[in-house]
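Colleague: Input: one structure, supplied below.
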Amino acid sequence: MSLVPMDDRDGWIWMDGQFTPWREAKVHVLTHGLHYASAVFEGERMYGGEIFKLTEHTERLFKSAEILDFSIPFTVAQIEEASKATCEKNGLDDCYIRPIAWRGSEQMGVSAQSSKVHIAIAAWEWPSYFKPEEKAKGIRLTWAKYKRPSPETAPTASKAAGLYMICTLSKHAAEREGFSDAMMLDWRGYVAEATGANVFFVRDGVIHTPIPDCFLDGITRRSAMELARRKGFEIVERHIKPEELTGFTECFITGTAAEVTPVSQIGEYRFTPGNISLSLMDDFARMVRRELQPA
């Protein structure tokens, strides 16, 4: 199946305060964000006409920009309304939304104090990252070559474009080997996250998850944890060594794109999707459709 290029579609993109025809939403080749990764973004989903955790996502976008030392020239409320309006303008009520803010082309070089800050919001139909039947039996991951960096070497608390370079490389390598994704360690050698999702493990009915001290504490991650606590499960946040994976029976990942997806393999370690991961997958799907009260 051929893919429709992202720059050649019908529709509208909200850009710097107004709607621009999709194919005309362009930036200059000397845009600072392209050359020096001075860009931050969010990934959001709309379910049945409502954007899940919109305020949390928008506030994180502004925080990411602050960490990268630039200010978004709109308010949180204005961007929230623009996100909703973008979906409506494109006639979408189940879709993926991508807000992105970046430094423009006024100044080229490492220093970009005079560059204008731009923001755009696009929305398009994008089904679940993984097929439902694939999710239920658990996806297969390999180990990533690259590690998540120390907070002393990169702005790891931001959802910054540059931090995803090693994720793209790792996911490409995994897919070439027949895997769905790759699991990354952090710079200390602890289990960190997949290329775009947080990870959880189960042992003796207790859920374990890495401490997000060098990667994002995902919004879907927090929602899944609240759902698990409601069901009476204990959650332990701690550093996890890769060799500990031999003692876990279940594993699942969480993220806006992945939602809640069980895992059957990480490298040499095997897991069986069971009651905890499958029930949380179902509960999350019900919650975003408002069939279950939000976490």
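Colleague: I need the calculated FRET efficiency for the pair residue 24 and residue 107, taking r as the beta carbon distance and R₀ as 25 Å, to the nearest 0.05.
Modeller: On the way: r = 24 Å, r/R0 = 0.97.
It comes to 0.55.
Colleague: In square angstrom, rounded to the nearest 10, how much accessible surface does residue 200 have for a 1.4 Å probe?
Modeller: 0
Colleague: Please provide three numbers in whole Å: the alpha-carbon extents of segment 194-264 along the principal axes, with the largest listed first.
Modeller: Reported extents, whole Å, longest axis first: 28, 27, 24.
Colleague: Using a simple spin-label model with points 7 Å from Cα along the Cα→Cβ vector, what separation in nm is obtained for residue 177 and residue 154?
Modeller: Here the answer is 1.9 nm between the modelled labels.
Colleague: Sort 199, 4 by heavy-atom solvent-accessible area, probe 1.4 angstrom, most to least. Don't skip to the end; give the middle numbers.
Modeller: Working: 199 0, 4 85 Å².
Ranking 199, 4 by accessible area, largest first, yields 4, 199.
Colleague: Multiply the residue separation of residue 268 and residue 222 by 0.36 nm, subtract the distance between their alpha-carbon atoms, and state the gained length in nm to one decimal.
Modeller: Details: separation 46, 0.36 × 46 = 16.56 nm, distance 2.80 nm.
Working it through step by step, the gained length comes to 13.8 nm.
Colleague: Give the calculated FRET efficiency between residue 293 and residue 66 to the nearest 0.05, with a Förster radius of 30 Å applied to their Cβ-Cβ distance.
Modeller: Working: r = 32 Å, r/R0 = 1.07.
Result of the calculation: an efficiency of 0.40.
Colleague: Describe numerically, in nm with one decimal, the distance between label points set 7 Å from Cα along Cα→Cβ at residue 126 and at residue 78.
Modeller: Reported label-point gap for residue 126 and residue 78 is 2.5 nm.
Colleague: Between their Cα atoms, which of 26/53; 53/116; 137/171; 135/231; 135/171; 53/145 are more than 24 Å away from each other?
Modeller: Working: 26/53 28 Å; 53/116 28 Å; 137/171 20 Å; 135/231 21 Å; 135/171 17 Å; 53/145 32 Å.
Too far apart for the 24 Å limit: 26/53; 53/116; 53/145.
Colleague: Normalise the Debye intensity by I(0) for segment 251-290, one equal point scatterer per Cα, no solvent, then take log10 at q = 0.32 Å⁻¹ and round to two decimals.
Modeller: Computed log10 I(q)/I(0) values: -1.07.
Colleague: In Å and on Cα atoms, what radius of gyration and Dmax does the chain show?
Modeller: 19.3, 57
Colleague: Of all the accessible heavy-atom surface of the chain, with the other protein chains kept in place and a 1.4 Å probe, what percent is carbon and sulfur?
Modeller: Numbers: 7290 of 14130 Å².
For the chain, the apolar C and S fraction of the accessible surface comes to 52 percent.
Colleague: Restricting attention to the alpha-carbon atoms of segment 1-137, what are Rg (one decimal) and Dmax (integer), both in Å?
Modeller: Computed over the Cα atoms of segment 1-137, radius of gyration and Dmax are 15.9, 51 Å.
Colleague: Still on this structure, I have one more. Just the accessible area per residue of segment 14-128, please: how many Å² with a 1.4 Å probe? Could the numbers behind the result be given before it?
Modeller: Numbers: 5570 Å² over 115 residues.
Per-residue value: 48 Å².
Colleague: Between residue 204 and residue 136, what's the calculated FRET efficiency when r is the beta-carbon distance and R0 is 22 Å? Round to 0.05. If you can, show how the numbers build up before the last one.
Modeller: On the way: r = 23 Å, r/R0 = 1.05.
Here the calculated transfer efficiency is 0.45.
Colleague: Shifting gears a bit: In nm², what is the average projected area of the convex hull enclosing the Cα atoms of segment 140-295? Each step should come with its number before you reach the end.
Modeller: Numbers: hull surface 34.7 nm².
It is 8.7 nm².
The values are calculated or read from the model by the stated rules, or taken from the named source; none is laboratory data. Here the structure is a predicted model, which means the values were calculated and not measured. No Cβ is skipped: glycine too gets one built from the backbone with ideal geometry, and neighbour counts run over all protein chains shown. Only protein heavy atoms, including side chains, enter the accessible area calculation; ligands, DNA and RNA are left aside. Shrake-Rupley method; radii C 1.70, N 1.55, O 1.52, S 1.80 Å.
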